[in-house]
Each structure stands twice: as C-alpha cells, then as structure tokens.
Protein chains: 2
Amino acid sequence: MQNQGLLKELIQCLCCLPGVGPKSAQRMAFHLLQRNRDGASRLSRVLAQAMLDIGHCRECRTFTEAGLCEICSDSGRDASLLCVVESPADAWTIEQATTYKGRYFVLHGRLSPLDGVGPDQLGISRLEQHMLEGRISEMILATNSTVEGQATAHFLGEIAAKFNIRATRIAYGIPMGGELEFIDRNTLSHAFNGRTEF
Amino acid sequence: MQNQGLLKELIQCLCCLPGVGPKSAQRMAFHLLQRNRDGASRLSRVLAQAMLDIGHCRECRTFTEAGLCEICSDSGRDASLLCVVESPADAWTIEQATTYKGRYFVLHGRLSPLDGVGPDQLGISRLEQHMLEGRISEMILATNSTVEGQATAHFLGEIAAKFNIRATRIAYGIPMGGELEFIDRNTLSHAFNGRTEF
C-alpha cells in the first residue's frame with residue numbers, strides 16, 4: 001500500500017481544500033469510496049462546471065455564472081445605495097442578516113501593499129466608474145474591522161469625498177448580548193469613544 | 001444572491017465530504033473560485049477517475065485500482081501472517097508505524113447486527129477461503145478496541161479456532177508516554193489485568 005497511485009493522488013488533491021490536511025483528506029477519500037461514490041461523482045461534475053462557468057459580475061464583481069448577478073439585475077433594488085464588502089461571502093452574510101435593499105461592490109480582498117494587493121487588484125477603477133455615473137448617493141463601507149480593512153475603508157472614504165458622495169461605515173462596538181466584562185479592551189475603548197445619544 | 005444556482009449547488013455538493021457543513025462548504029467554494037481554480041479542476045478530474053477505477057483487491061479487499069493490491073502482489077511479503085483490520089486506513093496506519101511484513105484482510109466495517117452488518121458484509125466467506133488454503137499460520141486481530149470491534153475479534157477468533165489457526169490480538173493498555181493519573185479507568189483496569197512478566 002506504499003504506492004497506490006490513484007488513491008494517493010486523490011488524497012493529495014483533497015488537500016487543496018482550505019482547512020484540509022493529509023489526515024482529513026485521507027478520511028474524506030476513504031469515506032467517499034466506501035459510502036458515497038454517487039455524491040463524489042456529483043461533486044466532481046459540479047466542481048468542474050463551476051470552475052468553468054462561474055465568473056465575476058460585470059457590475060459588482062461578485063461570483064456569478066451569468067454576466068450580471070441576481071442583485072445587479074434586480075430592478076427592484078435601490079441603485080443609489082452601494083455597500084462595499086471584501087468578499088462575496090460578506091455580501092451573502094449581509095443579505096441574510098439585514099433588510100438592506102441596495103447594491104453591493106465586492107473588492108475580493110483588502111489593501112495590502114506587502115502582499116502586492118493595491119487598488120488595481122480590488123477593482124477600484126470599476127468602483128470609480130460607478131461613482132462617476134452619478135446614481136450613488138451613499139456608499140456603505142462594510143470592510144472588516146482589521147487593520148487592513150480599516151485602511152481600505154479610509155482609502156475608499158477619500159475617493160467618495162472626491163466624488164462628493166456620502167460615505168458611511170457600519171458600526172463597530174460591543175456585540176449584542178456581549179458582557180462588558182468579557183469584551184476585549186480595544187473593542188470596549190472603541191465603543192466608549194463612539195457612544196451615541198440615548 | 002438568493003438564487004445563484006451553480007454556486008449554491010457546489011456548496012451543497014461539498015457538504016457530502018465528512019466533517020464539512022454548510023459554513024465550511026461555503027468557505028471552500030469561495031476559496032477555490034478565488035484562489036485555486038486549477039487545483040479544483042484537478043480535484044474534479046481525479047475524483048471522477050478514482051470513483052470509476054478504484055475497486056477492492058480480490059485477495060484482501062482493500063481499495064486499489066488494480067485487481068490485486070500492492071501488498072498482495074508483493075511476493076516478498078509473508079503470506080503465512082494475516083492481519084485483519086476494519087478499514088484500509090487501519091492497514092495504512094499499521095504499514096507506517098510498524099515493520100509488519102505479512103498480509104492484510106480488510107473487513108470494511110465491524111459486526112453490528114443493529115445496522116445490518118453481518119458476516120456477509122464483512123467478506124468473512126472470502127476470509128474462510130484464505131484459511132482453507134492452508135497457508136496462514138497466524139491471524140492477527142487488529143480490529144478496534146470498541147465494543148463492536150471486540151465482538152468482531154471474538155467472532156473471528158472462533159473461526160480461526162475452527163481451522164486450527166493461531167489467532168492473536170494486538171495489545172491494549174496504557175499508551176506509551178501515558179501517565180497513569182490521566183488514563184481512563186477502563187483502560188487502566190484492562191492494562192492491570194493484562195499485565196505480563198517483566
């Protein structure tokens with residue numbers, strides 16, 4: 001069993017999944033072979049098709065197999081609101097958690113000069129085109145609250161100012177249900193300084 | 001983004017992997033689309049081929065794409081020793097950890113009447129054929145130390161007795177480096193009762 005070509009290769013390939021090491025990959029391979037060959041064949045087909053067909057929406061850059069995603073092609077959504085997020089997953093999460101009915105713009109990353117990620121990689125020129133068109137009245141900055149996410153929000157805020165567009169940032173503070181005693185110092189200090197009228 | 005057909009389907013399909021729920025599946029799908037389309041396409045190809053080509057070795061029932069696995073076709077291995085394991089993964093683990101040079105027999109499960117797993121599902125008739133051939137001098141029972149694994153070992157031991165073949169069970173006790181204080185009661189009691197001459 002030192003050199004079972006195909007099985008070894010399958011285990012290696014499964015390691016390309018995030019969070020899957022050699023041990024879990026082995027478990028997955030044996031599980032599929034033993035109990036779910038149909039599911040595995042279906043996964044193989046859909047995976048191949050997805051990699052071929054899924055591209056970026058030409059308006060908001062999210063993943064879609066159509067040229068224009070569901071949200072951008074929905075005329076019922078408010079085109080004057082644009083929510084900028086780091087990833088398609090962030091947009092999904094906002095869709096599920098809120099009643100937001102505007103549009104999105106997906107950066108697919110955050111400014112990170114050390115990793116070679118600058119405005120070009122984030123599609124900022126496409127974003128500026130949207131702003132030029134003059135429909136956007138508010139740009140909601142929903143990048144993460146990491147250092148790089150904050151820097152990206154700051155950068156986008158300056159561009160919005162250039163186009164005279166109102167930029168807002170989603171609120172950061174104590175999570176709902178969170179107890180002060182167990183909140184990290186940074187968040188608490190941020191929440192304290194950012195207090196609002198009651 | 002409520003109805004992105006292909007992406008939703010990919011996420012669903014990824015959930016067929018053991019230990020992968022909707023949240024990790026979503027993360028995997030986005031990761032592959034964003035950063036590793038080549039790896040994903042390769043995974044898709046190898047997965048399809050593996051499900052088609054990989055079957056069971058006709059001698060030991062482990063997974064192999066050939067009719068006869070590497071170990072069974074290796075004439076340098078000692079055909080008089082037969083180690084019975086529950087899964088191909090167990091055989092791999094023994095191969096990596098020990099210097100065992102005999103052969104294996106893979107049950108692909110353990111006796112579990114409630115789940116409908118009896119001798120037929122475990123290939124016991126094939127195992128009996130091996131014993132009939134008269135080459136086997138020792139059968140090493142390496143099923144797990146669970147209740148079902150123990151019951152399976154007991155069952156196999158009785159068959160071996162019928163064929164006048166010596167059956168041995170791998171040793172269970174305190175793991176190497178384990179401290180008595182932190183060992184569960186059941187293992188300690190087993191190790192104590194199973195003490196050997198020093």
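The values are calculated or read from the model by the stated rules, or taken from the named source; none is laboratory data. Everything numeric here is computed off the predicted structure, so don't read it as measured data. Here Cβ is always computed from backbone atoms with ideal geometry, including for glycine, and neighbour counts include all displayed protein chains. Surface areas here come from the heavy atoms of the whole protein model, side chains and all, with no ligands, DNA or RNA. Shrake-Rupley method; radii C 1.70, N 1.55, O 1.52, S 1.80 Å.
First compute the accessible area of the protein assembly as shown with a 1.4 Å probe, then give the percent of it belonging to carbon and sulfur atoms. Present the calculation step by step, with values, prior to reporting the outcome.
Numbers: 11420 of 21900 Å².
Carbon-and-sulfur percentage of accessible area, whole number: 52.
Tell me the label-point distance for the pair B:ILE183, A:ARG58, using the 7 Å Cα-to-Cβ offset, in nm and rounded to one decimal.
7.1
What does the helix-only formula give at 222 nm for chain A: each DSSP H stretch with n ≥ 4 adding -39500 (n - 2.57), the total divided by the residues, and the result rounded to the nearest 500 deg cm²/dmol?
Details: 7 runs with 85 residues, N = 198.
Computed ellipticity for chain A at 222 nm equals -13500 deg cm²/dmol.
Given a 10 angstrom Cα cut-off, can you work out which residue in B:GLY178, B:GLY134, B:GLY109 is the most mobile in a GNM of chain B?
Comparing B:GLY178, B:GLY134, B:GLY109 in the GNM, the peak value goes to B:GLY178.
I need the inter-copy label distances for A:ARG45: point set 7 Å along Cα to C-beta, values in nm with one decimal, smallest first.
The answer, with the shortest distance listed first, is 2.0 nm.
Put A:PHE105, B:PHE155 in order of accessible area, largest first, 1.4 Å probe: what do you get?
Working: A:PHE105 0, B:PHE155 60 Å².
Ranked from most to least accessible, the order is B:PHE155, A:PHE105.
Looking only at Cα atoms, what is the convex hull volume of chain B per residue, in Å³?
Working: hull volume 42.4 nm³, N = 198.
Considering the Cα atoms of chain B, their hull volume per residue is 214 Å³.
Under a Cβ-only charge scheme (Lys and Arg +1, Asp and Glu -1), can you give me the dipole magnitude of chain B about the Cα centre, in debye to the nearest 20?
560
Label 7 Å along Cα→Cβ of A:HIS190; the stretch A:88-127 residues with amide nitrogen under 11 Å?
From the stretch A:88-127, the list is empty.
For the stretch B:69-177, what is the convex hull (Cα atoms) projected area averaged across all directions, in square nanometres?
Details: hull surface 29.4 nm².
Orientation-averaged projected area of the Cα hull: 7.4 nm².
Tell me the per residue accessible area of chain B using a 1.4 Å probe; a whole number in Å² is fine. Mind showing how you got there, number by number?
Numbers: 10950 Å² over 198 residues.
Ligands and nucleic acids excluded, the result is 55 Å² per residue.
If I require 20 Å or longer along the helix axis, counting alpha carbons, and a Kyte-Doolittle average no lower than -0.5, what helices from chain B are left? Use full DSSP H segments.
Values: long enough: B:37-53 (24 Å, -0.18); B:147-162 (23 Å, 0.21).
Passing helices, by number: B:37-53, B:147-162.
Can you list the distances in nanometres, one decimal and ascending, from the A:GLY194 label point to the identical position in each other copy, with the point 7 Å along Cα to Cβ?
Once sorted, the set of distances for A:GLY194 reads 5.8 nm.
In whole angstrom, how far apart do the alpha carbon centroids of the stretch B:85-152 and the stretch A:1-58 sit?
27
Compute the accessible area of each residue in the stretch A:47-70 twice, once for its chain alone and once with every protein chain present, using a 1.4 Å probe on heavy atoms, and list those whose area falls by at least 40 Å².
A:LEU47, A:MET51, A:ILE54, A:PHE63, A:GLU65, A:GLU70
Put a point 7 Å out from Cα along the line to Cβ at B:LYS101; what are the distances to that point in the other copies, in nm, shortest first?
7.8
Where in the stretch B:58-80 does the label zone of B:PHE163 land, with the point 7 angstrom along Cα→C-beta and an amide N cut-off under 19 Å?
Only B:58-62, B:69, B:71-74, B:77-80 pass the distance filter.
Taking H as built 1.01 Å from N, whose amide H comes closer than 5 Å to the amide H of B:ASP78, not counting residues under 5 places away?
For B:ASP78, whose amide H was placed from the backbone, the distant partners under 5 Å are B:GLY102.
Within the stretch A:113-198, report the GluC sites (Glu not before Pro) that DSSP leaves as loop and that have at most 12 other Cβ atoms within 10 Å.
Details: sites: A:GLU128, A:GLU133, A:GLU138, A:GLU148, A:GLU158, A:GLU179, A:GLU181, A:GLU197; in loops: A:GLU133, A:GLU179, A:GLU197.
Taking the stretch A:113-198 and a limit of 12 other Cβ atoms within 10 Å, the loop GluC sites (Glu not before Pro) found are A:GLU133, A:GLU179, A:GLU197.
So how much accessible area does A:SER41 have, in Å² to the nearest 10, using a 1.4 Å probe?
40
Given a 10 angstrom Cα cut-off, can you work out which residue in B:ASP78, B:ASP115, B:ASP184 is the most mobile in a GNM of chain B?
B:ASP184
If amide hydrogens are placed 1.01 Å from N in the peptide plane, which non-local residues have theirs closer than 5 Å to the one on A:ALA167?
A:MET139
By a straight-distance test (C-alpha under 18 Å), which aspartates and glutamates pair with B:LYS8 as possible cross-link partners, with residues fewer than eight away in the same chain excluded?
Cα-Cα hits under 18 Å: A:ASP53, A:GLU65, A:GLU70, A:ASP90, A:GLU95.
Heavy-atom accessible area of A:HIS130 with all protein chains present, probe 1.4 Å, nearest 10 Å²?
20
Counting only protein heavy atoms and rolling a 1.4 Å probe, how much accessible area do B and A lose on contact, total for both sides, in Å² to 100?
Working: alone 13920 and 13930 Å², together 21900 Å².
That pair of chains buries around 6000 Å² in total.
With every protein chain left in place and a probe of 1.4 Å, what is the accessible surface of A:LEU180, to the nearest 10 Å²?
Rounded to the nearest 10, that gives 110 Å².
State the residue of chain A whose Cβ is nearest the axis carrying A onto B, and the distance in whole angstrom.
A:SER44, 2
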